[in-house]
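Visitor: Starting off with a structure, shown below.
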Amino acid sequence: MGLTIILEDEDGNECGLIEDNAIIRGILPDSYDKSSYCLRFIDLYGDTTFNNLQMTEFILELEMLMTKHTEKETTEFITKLMKLARKCQAENHMYLKFYGD
């Protein structure tokens, strides 16, 4: 089972959703990978929250992932995640949340 990824506003209202089919497990860097500023902290079994101030680095990391992965299903997933991240970045009081197993 994978993560549920939800873009939420400050009141916890859902503004976007990705129900991951475990693709993210295969593309996240290891937690000790110092070249990752955000993605390495996503907890597959717990919950992780990012705010709009963190989205610049988050999006850069997604762009790097896009160059490493060419499988259609993976690039579609990254594209969906990038869309949520850009929306989070553009608006105040938005949070990109990863809900683990």
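Rule-based calculations on the coordinates, nothing more; no lab input. If you're wondering where the values come from, they're calculated on a predicted model, not measured in any experiment. Note that each Cβ is placed from the backbone with ideal geometry, even for glycine, and that neighbours are counted across all protein chains shown.
Visitor: So, in the range 21-50, how many residues would count as being outside any strand (DSSP E or B), closer than 19 Å to Glu63 by Cβ and either out of contact with any Pro (no Cβ under 6 Å at 6 or more places or on another chain) or of a type in the set (Gly, Ala, Ser) (or both)? Break it down into steps so the answer makes sense when it comes.
Guide: Step one: filter the range 21-50 for residues outside any strand (DSSP E or B), giving 21-46.
Now drop any that are not closer than 19 Å to Glu63 by Cβ, which leaves 23-24, 26-29, 33-42.
Within this subset, residues satisfying the condition of being either out of contact with any Pro (no Cβ under 6 Å at 6 or more places or on another chain) or of a type in the set (Gly, Ala, Ser) (or both) are 23-24, 26-29, 33-38, 41-42.
So the count comes out to 14.
Visitor: Being touching a residue at least 40 places away in the same chain (Cβ under 8 Å), assigned to a helix (DSSP H, G or I) and within 13 Å of Asp9 (Cα to Cα) is the filter here; which residues of the range 73-101 pass it?
Guide: Within the range 73-101, Leu84, Lys87, Cys88 qualify.
Visitor: Within the set of pairs 6 or more residues apart or between chains, which connect a residue that is part of a helix (DSSP H, G or I) inside the range 56-72 to a residue that is small (Gly, Ala, Ser) with Cβ atoms less than 8 Å apart?
Guide: Phe58/Ala85; Ile59/Ala85; Glu61/Ser36; Leu62/Ala85
Visitor: Let me ask something else. Output the residue which, of all residues in the range 42-72 that are touching a Phe, Trp or Tyr at 6+ places or on another chain (Cβ under 9 Å) and of a type in the set (A, V, I, L, M, F, W, C), is nearest to Glu10 (Cα to Cα).
Guide: Applying the filter and picking the extreme gives Phe50.
Visitor: Taking the stated definitions as given, is Thr74 crowded, with 17+ Cβ neighbours inside 10 Å and β-branched (Val, Ile, Thr)?
Guide: Working: crowded, with 17+ Cβ neighbours inside 10 Å: yes; β-branched (Val, Ile, Thr): yes.
Judged against the criteria, Thr74 is a match.
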